[in-house]
Amino acid sequence: MSTLLHTRELTAFYGDAQALFGIDFGLDAGEVVAVIGANGAGKSTFLKSLTGLVKAPREAIAFKGEPIGGLPPGEIVRRGIAMVPEGRRLFPSLSVEENLLMGANARRPGPWTLDRLYAMFPILSDKRRHPGTSLSGGQQQMVAIGRALMSNPELLLCDELSLGLAPIVIREIYAALPKIAEEGMTVVVVEQDVATAQRVSDRVVCFQEGRVSLQGKSGEFTREQISAAYFGV
Ligand SMILES: Nc1ncnc2c1ncn2[C@@H]1O[C@H](COP(=O)(O)OP(=O)(O)OP(=O)(O)O)[C@@H](O)[C@H]1O
Ligand SMILES: [Mg+2]
């Protein structure tokens, strides 16, 4: 496998407050990696650094061998990294289909089209003319995933897909992941629920107070090791 992305000593700040303290992280093409960790551990900040929403030193992030730290978010999407943001953030005045098409603004060549998305999430086809925000939480999450896929990324970053959803809906959402990964997509999911994180990923990385506290193959850790890495107890 080849390295798709790596970070070296990645730091991030909000004003004077430091949120990430030297993250060394590597991602091979085709992997599904789960990022876990407590509230405020820096998971979202890490994804935002990769997508240019939080400034990063240029050399701290390399994607396909090129430094991309601190590039404008639109440029990073064009290079092939797309994000499903925490809280879904649909455009409230737009229909389901218009929301999906927003993701195609940075359209790159690749397999994902409206038809392909509607085949994966048929309910979105039924509701294509409805306002995106009139959908259930799970359906809105499907729209948010679809919008990110419409740019045909090579790397898909998902921030807390489970947030506020019932367990059965969470399973339904995660059931799409193998279909997305099928054609070699590399995926990072931020997931608070450790059991879900281990179930859906090849590898887990735990963040604690802006640092990586544990990483390795998803099946390899006991609950005790993970809670120690989570809370530092
Ligand atoms: N916009 C912001 N301004 C100032 N500080 C922020 C901002 N966003 C996050 N932080 C701080 O940065 C740190 C990391 O936050 P981050 O949102 O990355 O954590 P997280 O792991 O995603 O948490 P959660 O599980 O609650 O989503 C926290 O201390 C948080 O308070
Ligand atoms: Mg977060």
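The values are calculated or read from the model by the stated rules, or taken from the named source; none is laboratory data. If you're wondering where the values come from, they're calculated on a predicted model, not measured in any experiment. Note that we place each Cβ from the backbone using ideal geometry, even for glycine, and neighbour counts take in every protein chain shown. Ligands, DNA and RNA are stripped out before the accessible areas are found, and what is left, the full protein with its side chains, is counted by its heavy atoms. Shrake-Rupley method; radii C 1.70, N 1.55, O 1.52, S 1.80 Å.
Between helix 137-149 and the chain, what is the angle of the helix's C-alpha long axis to the longest principal axis, kept within 0 to 90° and rounded to the nearest 10?
80
Which of the peptides 104-110, 226-232 is most tightly packed, and how do the rest follow, going by the mean number of other Cβ atoms within 10 Å of each residue?
Working: 104-110: 14.0, 226-232: 16.3.
So the order, starting with the most tightly packed, is 226-232, 104-110.
Once you charge only the Cβ atoms, +1 for Lys and Arg and -1 for Asp and Glu, what is the size of the charge dipole of region 1-103 about its Cα centre, to the nearest 20 debye? Kindly include the intermediate steps, with their values, before the conclusion.
Working: 10 positive and 11 negative charges, 27 e Å.
The dipole of region 1-103 has a size of about 120 debye.
If one puts a single equal scatterer on every Cα of region 3-231 and applies the Debye formula without solvent, what log₁₀ I(q)/I(0) results at q = 0.07, 0.12 Å⁻¹?
-0.21, -0.63
Per residue, how large is the accessible surface of the chain? Use a 1.4 angstrom probe and give square angstrom.
Numbers: 10450 Å² over 233 residues.
Computed with neighbouring chains in place, this is 45 Å² per residue.
Net charge around Asn152, counting only other residues with Cβ within less than 13 Å of its Cβ (Lys, Arg = +1; Asp, Glu = -1)?
On the way: positive: Arg78, Arg79, Arg107, Arg108, Arg116, Arg147; negative: Glu154, Glu183.
Cβ neighbours under 13 Å give a net charge of +4.
Please compute the Kirkwood hydrodynamic radius of region 1-56 from all pairs of different C-alpha atoms, in Å with one decimal.
Working: mean 1/r = 0.0827 Å⁻¹.
Result for region 1-56, one decimal place: 12.1 Å.
With both partners inside region 3-231, how many of the DSSP beta bridges are antiparallel, as a percent to the nearest 5? Walk me through the numbers on the way to the answer.
Values: 21 of 38 bridges.
In region 3-231, DSSP labels about 55 percent of beta bridges as antiparallel.
Ignoring any ligand, DNA or RNA, what whole percent of the accessible area of region 3-231 comes from carbon and sulfur when the probe is 1.4 angstrom? Before the final figure, lay out the partial values.
Working: 5270 of 10020 Å².
Solvent-exposed carbon and sulfur of region 3-231 make up 53 percent of the total.
Which value at 222 nm does the chain reach when only helices count, each DSSP H run of 4 or more adding -39,500 (n - 2.57), with the total divided by all residues and rounded to the nearest 500 deg cm²/dmol? Please list the in-between numbers first.
Values: 10 runs with 77 residues, N = 233.
My calculation for the chain gives -8500 deg cm²/dmol from helical runs alone.
Using 28 Å as the Cα-Cα cut-off, could you pick out the over-long pairs in Lys127/Lys217; Lys43/Lys64; Lys48/Lys217; Lys64/Lys217; Lys64/Lys179; Lys55/Lys127? Mind dumping the intermediate values first?
Working: Lys127/Lys217 39 Å; Lys43/Lys64 22 Å; Lys48/Lys217 24 Å; Lys64/Lys217 23 Å; Lys64/Lys179 23 Å; Lys55/Lys127 37 Å.
Going by Cα-Cα distance, Lys127/Lys217; Lys55/Lys127 fall outside the 28 Å limit.
Which whole-number percent is the relative contact order of the chain (Cα, under 8 Å, 6+ apart)? Numbers along the way, then the final one.
Values: 467 pairs, mean separation 62.0, N = 233.
Taking the mean separation of contacting Cα pairs over the length of the chain, I get 27 percent.
Could you list the GluC sites (Glu not before Pro) in region 1-61 that lie in coil according to DSSP, counting only those with at most 10 other Cβ atoms within 10 Å of their Cβ?
Numbers: sites: Glu9, Glu31, Glu59; in loops: Glu31.
Those that pass, being in a loop and sparsely packed, number zero.
Summing Lys, Arg as +1 and Asp, Glu as -1, what charge do residues with Cβ under 12 Å from the Cβ of Gly132 carry, Gly132 excluded?
Numbers: positive: Arg88, Arg89, Lys127, Arg128, Arg129, Arg147; negative: Glu97, Glu98.
Here the charged neighbours net out to +4.
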